[in-house]
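> First the structure, then my questions, so here it is.
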There are 2 protein chains.
Amino acid sequence: MTSVDEKPLFLGIDGGGSKCRALLYSKNDGILGEGLAGPANPVQGLQRAQGAIVASAQQALASAGLSANLLGHLIVGAGLAGINAPRTRGLMEAWAHPFGAFYLTTDLHIACLGAHQGEEGAVIITGTGSSGFAQVGQAQQFLGGHGFPLGDKASGAWLGLAAVQATLLALDGLGPETSLAGAVLAETQCADSTALMDSYSGQASAAFAKLAALVFAQAQAGDRVAERIVEDGAAYLSAMAEQLTRVGSPRLTMIGGLTQLWQPYLAPKVAAKLAPALQTPEMGAVYFAQQVYAGGKAA
Amino acid sequence: MTSVDEKPLFLGIDGGGSKCRALLYSKNDGILGEGLAGPANPVQGLQRAQGAIVASAQQALASAGLSANLLGHLIVGAGLAGINAPRTRGLMEAWAHPFGAFYLTTDLHIACLGAHQGEEGAVIITGTGSSGFAQVGQAQQFLGGHGFPLGDKASGAWLGLAAVQATLLALDGLGPETSLAGAVLAETQCADSTALMDSYSGQASAAFAKLAALVFAQAQAGDRVAERIVEDGAAYLSAMAEQLTRVGSPRLTMIGGLTQLWQPYLAPKVAAKLAPALQTPEMGAVYFAQQVYAGGKAA
């Protein structure tokens, strides 16, 4: 055990609403192992999230050929969705965790640290939801991420809802004609407005996000309604990029499932600034663990 | 009982998501009694809706000083929310109801019959939700009413969501400045974006609809963002009015809680066409019961 105490083992956790990824890392040997478990958003279930974090950590140790007894030696950095809410953060901080140390931050923070290899920078995330984050010095900036349908403009859910709304208006003859209507009915296998309404009423963001690519396809085919939706979303992302770099971020990265689809529509000076993500969020969580650990030893 | 058989007693039912109204009526004596019970939207609970219909009918008989034994003699016309869905209609039609006759239609149909005193015409309804309906001859036209947030443009919920969205964008510096932001935070007693997001995420349409009057107030005060929201909603209602009268409706009425607020913003030729509601929806349900009963006797 002496070697473990001298050369700490770091574990990075990326915990979201659908899965929890773990990455085991040592400064000398690099990546040692990985783990994957179920949902780890503490807002959607505190004990389930804690269980997923432990399970993914045990998997990471096993995949490295290491004993589960080492759990108590791990220096864990965890970036979790939903941790912005003070109450949720308090509950997670009060957790009697089984690790050597457990440092907590947001999923946005570790995504940013991963994208910029542990350095300062900014990220825009567009997948089912959307949000922006920058860290320069000790200052963190959060933009958007207010959830569907209140915010998350330019997210997959936002695009899908806009497509369903435009379809219903067009079918009633109360909105402009649009090729989105035919495309949405075909994609969803709905015969008419009533069927479309039945299949989408009360649905969560993920169901709407499935229509995101369809909106880009219709915009590319020249449909004016789809073009206007995409232009509106792109203007929002460009404004977000401007604000994130205004605070002095040296590097800006766009991540998430819609990244490739949005890029052609961004303002040219924003598109020119974009740099690729250098590492994953779970590696960002390892950087976070290393930074807090080093700060603690220095103090 | 002979007199009851010769001069039928009609009962009009207006069943919605929050309450069920009953109106007891005879051709000779006019309105005899009234009843009020809980939610009667069968989509939200079939047995609860059926229970509310029976309870309001019993109340109406009691308030008229009549015996509950007369339930089996009543000719009931019921306009129910949610009955457009074929499955729900089928379940309600299969009901072993305790009445002499039970004729089923939509809440929109009885609102229209009430507004035009049993004659042909069209209605636009704007309250928590929004929709349009016209009946000319045997033809019925339904517009909108697809629910929040898919449709229901120009409804209270739509106005409230637009206000919350504009507020979150403005507070992030990612949308135009607007006096809606200060007004929404004050009205909701929220300190910032995070508090606003927490208090509205996952909320149903009724919570958003509480902000509807605030949007009109800010538009009237000259806020450009609020003005644009109201203009967009008014254009939708004007287009709906044009379409409903295009099918030949001799009369057009606007009903629901937002009627007075919308009227100044409608297209002048639409506003000029509007006529007041002559009767309530529950009286419309009585007209409906009389019409079906007379048709049945003639056949």
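> Answer with yes or no whether residue B:77 is touching a residue at least 12 places away in the same chain (Cβ under 8 Å), within 28 Å of residue A:194 (Cα to Cα) and touching a strand residue (DSSP E or B) at 6+ places or on another chain (Cβ under 7 Å).
Working: touching a residue at least 12 places away in the same chain (Cβ under 8 Å): yes; within 28 Å of residue A:194 (Cα to Cα): yes; touching a strand residue (DSSP E or B) at 6+ places or on another chain (Cβ under 7 Å): yes.
Considered against the rule, which asks whether it is touching a residue at least 12 places away in the same chain (Cβ under 8 Å), within 28 Å of residue A:194 (Cα to Cα) and touching a strand residue (DSSP E or B) at 6+ places or on another chain (Cβ under 7 Å), residue B:77 comes out as yes.
> Taking residue B:82 as meeting all but one of (1) surrounded by 15 or more Cβ atoms within 10 Å (Cβ to Cβ); (2) at negative phi; (3) not aromatic (Phe, Trp, Tyr), write down the number of the exception.
Every condition holds for residue B:82 apart from (2).
> Could I ask something else about it? Would a scan of region A:53-66 turn up a residue that is part of a loop (DSSP other than H, G, I, E, B), at pLDDT below 95 and of a type outside the set (A, V, I, L, M)? Full working, then the answer.
The first filter runs over region A:53-66 and keeps only residues part of a loop (DSSP other than H, G, I, E, B), leaving A:64-66.
Filter once more, so that each one left must be at pLDDT below 95: none.
For region A:53-66, residues part of a loop (DSSP other than H, G, I, E, B), at pLDDT below 95 and of a type outside the set (A, V, I, L, M): absent.
> Give just the number: which of (1) touching a residue at least 40 places away in the same chain (Cβ under 8 Å); (2) closer than 28 Å to residue A:144 by Cα does residue A:52 not satisfy?
The number of the failed condition is (1).
> Sort through B:94, B:78, B:55, B:60 and tell me the only one that's among the hydrophobic types (A, V, I, L, M, F, W, C) and within 14 Å of residue B:16 (Cα to Cα).
Details: B:94 fails: within 14 Å of residue B:16 (Cα to Cα); B:55 fails: within 14 Å of residue B:16 (Cα to Cα); B:60 fails: within 14 Å of residue B:16 (Cα to Cα).
The conditions single out B:78.
> Of the residues B:206, B:195, B:170, which single one is more than 31 Å from the chain's Cα centre (by Cα), on the phi < 0 side of the Ramachandran plot and either polar (S, T, N, Q) or modelled with pLDDT under 95 (or both)? Give the steps one after another, and end with the answer.
Working: B:206 fails: more than 31 Å from the chain's Cα centre (by Cα); B:170 fails: either polar (S, T, N, Q) or modelled with pLDDT under 95 (or both).
Just one listed residue meets the conditions, B:195.
Here is a yes/no grid of residues against (1) in contact with a helix residue (DSSP H, G or I) (Cβ under 6 Å, 6 or more places away or on another chain); (2) free of Cβ contacts under 8 Å to residues at least 24 places away in the same chain:
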site: B:73; (1), (2): yes, no
site: B:98; (1), (2): yes, no
site: B:102; (1), (2): no, no
site: B:110; (1), (2): yes, no
site: B:150; (1), (2): yes, yes
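> So, residue B:265, is that one of a type in the set (Phe, Trp, Tyr) and within 30 Å of residue B:183 (Cα to Cα) or not?
Values: of a type in the set (Phe, Trp, Tyr): yes; within 30 Å of residue B:183 (Cα to Cα): yes.
For residue B:265, the condition - of a type in the set (Phe, Trp, Tyr) and within 30 Å of residue B:183 (Cα to Cα) - is met.
> Then there's this: Can you go through B:248, B:257 and tell me which one is touching a helix residue (DSSP H, G or I) at 6+ places or on another chain (Cβ under 8 Å), surrounded by fewer than 16 Cβ atoms within 10 Å (Cβ to Cβ), at pLDDT below 95 and more than 13 Å from every other protein chain (Cβ to nearest Cβ)? Give the derivation first.
Numbers: B:248 fails: touching a helix residue (DSSP H, G or I) at 6+ places or on another chain (Cβ under 8 Å).
One residue alone meets the criteria, B:257.
> I need every pair where a residue in region B:194-206 that is without any contact (Cβ under 8 Å) to a residue 24 or more places away in the chain has its Cβ under 6 Å from the Cβ of a residue that is assigned to a loop (DSSP other than H, G, I, E, B) and of a type in the set (Gly, Ala, Ser), sequence separation at least 6 or different chains.
B:201/A:147
> Still on this structure, please answer the following. For residues that are under 26 Å from the mean Cα position of the chain (by Cα) and within 20 Å of residue A:171 (Cβ to Cβ), scanning just region A:219-238, find the one that is surrounded by the fewest Cβ atoms within 10 Å (Cβ to Cβ).
Across region A:219-238, the extreme among qualifying residues is A:228.
> Anything in region B:265-286 that is free of Cβ contacts under 8 Å to residues at least 24 places away in the same chain and basic (Lys, Arg)? List them, or say none.
B:269
Table: residues versus (1) among the charged types (D, E, K, R); (2) closer than 29 Å to residue B:260 by Cα.
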| position | (1), (2) |
| --- | --- |
| B:102 | no, no |
| B:110 | no, yes |
| B:152 | yes, yes |
| B:163 | no, yes |
| B:177 | yes, yes |
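> Another one. What's the number of the only condition in (1) closer than 13 Å to residue B:16 by Cβ; (2) touching a strand residue (DSSP E or B) at 6+ places or on another chain (Cβ under 9 Å); (3) not assigned by TED's automatic domain parsing to the domain that holds residue B:8 that residue B:107 fails to meet?
The number of the failed condition is (3).
> Something else: All but one of (1) farther than 22 Å from residue A:85 by Cα; (2) touching a strand residue (DSSP E or B) at 6+ places or on another chain (Cβ under 6 Å) hold for residue B:157; state the number of the condition that does not hold.
That leaves (2) as the condition not met.
> Any residue in region B:134-146 that's more than 27 Å from residue A:201 (Cα to Cα): show its pairings with residues that are in a loop (DSSP other than H, G, I, E, B) and at pLDDT 90 or above at Cβ separation under 6 Å, as long as the two are six or more apart or on different chains.
Going by the 6 Å Cβ cut-off, the qualifying pairs are B:136/B:120.
The values are calculated or read from the model by the stated rules, or taken from the named source; none is laboratory data. Small disclaimer: the values here were computed from a predicted structure and weren't measured. Heads up, the Cβs are rebuilt from the backbone with ideal geometry, glycines too, and the neighbour counts pull from every protein chain shown.
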